Amino acid sequence: MCGIVGYVGSEPAAPLLLEGLGRLEHRGYDSAGVAVLSSGKGLKVAKKAGRVRDLEAALPKRFNGKTGIGHTRWATHGPANDVNAHPHTDAKGQVAVVHNGIIDNASALRSELADQGIDLASDTDTEVIAHLIAASDAETLEGRVSQALARIEGTYGLAVLHADFPDRIVVARNGSPLIIGVGDKEMHVASDMAALVRYTTTVVHLADGEMATLTAHGYTTYREDLSATDRVAKKMDIDPTAYDAGEHESYMHKEMLEQGEAVERTLRGRLDERFGTSHLGGLNMDARDLRAIKRVKILGCGSAYYVGQMGAMLIEELARVPADAEAASEFRYRNPIIEPDTLYVAVSQSGETVDTLLAAQEIRRKGGRVIGLVNVVGSALAQECGAGIYLHAGPEVAVASTKALTTMYVGFSLLALQLGRVRDLSIADGKRLVEGLKDLPRQIEEVLALEPTLVEVARRLASAESLFFIGRVRGYPVAREGAQKFKEVSYRHAEAYQTSELKHGPLALIDKTVPTVAIVPDDELADRNVASLHEIAARGGPLVVITHPGVDLGEIRDHVVRIDVPRNERELDPILMTIPLQMLAYQAAAQLGRDIDKPRNLAKSVTVE
Ligand code: AGP
C-alpha cells in the first residue's frame, strides 16, 4: 500500500526520491508524487496517477532541491488521480505532506476548514494535515506539526516540508511505520527498509507517538508534545542485494527458491538436540509460564491466517493444548473474550497488517498476553507485542508470500515443540521432530528441483476457469493456501474445500473442465483421501495429487498427475506439501502473462482496515 520516502543532504533530491519510490512499487499503488525544496526557490510539487515511471516522465525540467519527500498512494479517500496523489499542500503552496494511514476525523476537519473558507483541492484525508500545519502559529516547523497532530485522530506515518524551513523534514509516526536512514552528511526516511538499503543500513525505527527532525547534519527525535526522546541509530544486519531480484524473472520466483536457506535461518540456534526441544529466547517466558498456558489463539490475515491454522493444529497435536486460529480482520469486531491464561499469537510477515496490529492492541488493552510471529524486525506489530519469534526469512518483496509463510510454519513448529516438551511430549518425539526440522532445508531443495516437471501441469491448470484445492485436517489449510496462491497470481477462480465435505455440495461442480488439486499425505487419512479422489475421477474431474512416494492411488489412471514430495515427520507435512502449490501458481501465472510480483488490486502490506 502507500509508501513514503524522504531525503535531505547535498545531492539533488528528485532522482533519489524516484529511485526510492521505485523500490516501494511492490507494495501496490496507483499514483505517485514528489515535492522538493530549495532555499529561496520555494516548494515544487509533481504528482501523477499511474506508475513511478509516469511521474518521472512528467517531472518538470527544473525540479531542483536538496530536500524532498515522495509517496506512492493506494487510494482510500477518493479515486486514483493526479489531484488525490500525494504530496498534498496548503492553499499557498508552502507546506507539503505525504501520509500513510487513515485520518479518522478527516470529514469533521474538512467541514471545519471549509467553514473557514479554505478550499480543499482533493478528496483525501491527508490534505487536512497540510492546512492544519499552515494554520498553526507556532514558531518552529516542529511546533506547527505537533499542533496539527493534536487535532488528528487516526493512524499516520507522515513527512512534512515547509518552504520557510528548507533545511529540514519533519516526520511523525502513529501506527504506520517510518524508518530514518542515517547517511554521511545526509539523512533519509522511508516507510520500508527496501527504499533505504541502497543508501544506508544504519537506521532508527520510530515508535508510535514519536516525531523526528531530519537535516543534512543529523536527526533529533521527540514526542508529539516536543519532549525529547533519545533514539539511537542501529546498524542492521541486512544484505542490500537481498532486495534485488538479481537474475530471477520475478521476486516471487527468487523468494520461492530461497526457502531452504530461509528455514535454516529460522532454525539457527533454536534447536536443542539433547533435550529434543527448542529455545525461543524472544518469548520472554520460562517453563512455568509456558505450563500455565491453557489455550493458544492465533491471529493473522490471508495466508498468514492459513498458516496460523496449520500452526494451531500442530500446537494442539504436540502440546495437547486447545488451539485455534482466526482471521484477525474479524476477531476484533465480535467483542472477543480475552482470557488471562490464553497465549495469543499475532502472525504477520510485514508486521504492518493493520487488522492484525489492531487485534493485538485490543488483546493487550484487555490485559491479554500476545506474542508476535513476525518477519520484519522493528515493525509495528513487533514493537506492539514486545515479545515473540522473529522469522529471519529475509526481505520478502513479492506480494504473493512464499518464504515468509514457510518460515511461519517452522516458527509454529518451534513453539509447538517447546510447549509440548514442557508438557507431555516425550523426549523421543521431541528428538524425532528436531531431526525432522533439521532435514527440512535439504528436502525443500528437493521439492524445488521438481519445478521443470510442473510446467506442463501448470499449463493445464491455467487453462481451467475454475479449480478446487482439497485436503483434510492438516492438509486443509495447505489446500486453502494453495488456492489463495493460485488465485492471487493467476486470477483464476480457485476454491479450497475439506475433502470430506466435497460430497455435501461442491461435487456437483466437478466435470472434465474443473481440475482438483488434492493434498494426500501418507498419513492416517490416506485411504479416505484416495476414496474421495475416486469419486472425483468417476465424474471425469482431472486430478493433480500432491502426495508421498508409495501412496497407492488405486485404479485412477486417466487425467491424474501425481507429484511426490519427500517424507518427513508427518507433523511437518504442510511445509513440503505447500511448496509445489506455490510453484504451480507461479508457473500458471507466468504462462498466463500475469504481472506476478504486482497482482492487480493487491498490496504487499495491507495497512488499512
Ligand atoms: C499472501 O500471499 C498474501 N499476499 C496475503 O494474504 C498476506 O499473507 C496477508 O495480507 C497478510 O500479510 P502479513 O503476513 O504481512 O500480515
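Looking at the stretch 256-353, what helices (runs of 4 or more DSSP H) fall wholly within it and have at least 2 residues that are within 16 Å of the ligand (Cβ to nearest atom) and crowded, with 19+ Cβ neighbours inside 10 Å?
Values: elements: 259-267, 287-291, 302-319, 328-331.
Of the helices (runs of 4 or more DSSP H) lying wholly inside the stretch 256-353, those with at least 2 residues that are within 16 Å of the ligand (Cβ to nearest atom) and crowded, with 19+ Cβ neighbours inside 10 Å span 259-267, 302-319, 328-331.
Matching residues to (1) at pLDDT below 95; (2) among the aliphatic types (A, V, I, L, M):
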position: Gly181; (1), (2): no, no
position: Thr201; (1), (2): yes, no
position: Thr215; (1), (2): no, no
position: Ser227; (1), (2): no, no
position: Val232; (1), (2): yes, yes
position: Lys235; (1), (2): yes, no
position: Gly246; (1), (2): yes, no
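For the stretch 37-50, the criterion of being within 21 Å of Asn174 (Cα to Cα), surrounded by fewer than 24 Cβ atoms within 10 Å (Cβ to Cβ), of a type in the set (S, T, N, Q) and in contact (Cβ under 8 Å) with a residue 40 or more places away in the chain is met by no residue. Here Asp523 meets each of (1) over 21 Å from Phe468 (Cα atoms); (2) within 16 Å of the ligand (Cβ to nearest atom); (3) touching a residue at least 24 places away in the same chain (Cβ under 8 Å); (4) open to solvent by 20 Å² or more (accessible area, probe 1.4 Å) with one exception, condition (2).
Of all residues in the stretch 370-414, those satisfying the criterion of being part of a helix (DSSP H, G or I) and β-branched (Val, Ile, Thr) are Thr406, Thr407, Val410.
Can you name every residue in the stretch 1-60 that is among the aliphatic types (A, V, I, L, M) and assigned to a helix (DSSP H, G or I)? Ala13, Ala14, Leu16, Leu17, Leu18, Leu21, Val52, Leu55, Ala57, Ala58, listed by residue number.
The set of residues in the stretch 139-157 that are crowded, with 17+ Cβ neighbours inside 10 Å and of a type in the set (Val, Ile, Thr) comprises Val145, Ile152, Thr155.
This table checks each residue for (1) farther than 30 Å from Val399 by Cβ; (2) within 16 Å of the ligand (Cβ to nearest atom).
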residue	(1), (2)
Gly420	yes, no
Gly430	yes, no
Leu454	no, no
Leu467	no, no
Pro477	no, yes
Arg480	no, yes
Ala483	no, yes
Val489	no, yes
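Entry remark, the stretch 209-230: residues being assigned to a strand (DSSP E or B), small (Gly, Ala, Ser) and closer than 21 Å to Glu186 by Cα number 2 in total.
Within the stretch 574-595, can you find the residues that are part of a helix (DSSP H, G or I), open to solvent by 10 Å² or more (accessible area, probe 1.4 Å) and out of contact with any helix residue (DSSP H, G or I) (no Cβ under 6 Å at 6 or more places or on another chain)? Once the filter is applied, which keeps residues that are part of a helix (DSSP H, G or I), open to solvent by 10 Å² or more (accessible area, probe 1.4 Å) and out of contact with any helix residue (DSSP H, G or I) (no Cβ under 6 Å at 6 or more places or on another chain), the stretch 574-595 yields only Ala590. Filtering the stretch 67-85 to residues that are of a type outside the set (Gly, Ala, Ser) and either out of contact with any Ser or Thr (no Cβ under 6 Å at 6 or more places or on another chain) or free of Cβ contacts under 8 Å to residues at least 24 places away in the same chain (or both) leaves Thr67, Ile69, His71, Thr72, Trp74, Thr76, Pro79, Asn81, Asp82. If you go through the stretch 100-138 and keep only what is in contact with a His (Cβ under 6 Å, 6 or more places away or on another chain), outside any loop (DSSP other than H, G, I, E, B) and either of a type in the set (Gly, Ala, Ser) or open to solvent by 20 Å² or more (accessible area, probe 1.4 Å) (or both), you end up with just Ala130.
Output the number of the condition that Val434 fails; it satisfies all remaining conditions of (1) under 22 Å from the mean Cα position of the chain (by Cα); (2) in a helix (DSSP H, G or I). Every listed condition holds for Val434 apart from (1). On the stretch given as the stretch 231-255, residues that are surrounded by fewer than 18 Cβ atoms within 10 Å (Cβ to Cβ) and part of a helix (DSSP H, G or I) total 3.
The values are calculated or read from the model by the stated rules, or taken from the named source; none is laboratory data. Predicted model, so just to flag it, every value in this text is computed and none were measured. Counting neighbours? That spans all protein chains shown, and the Cβs are built from the backbone with ideal geometry, glycine included. These area figures cover heavy atoms from the full protein model, side chains too; ligands, DNA and RNA do not enter into them. Shrake-Rupley method; radii C 1.70, N 1.55, O 1.52, S 1.80 Å.
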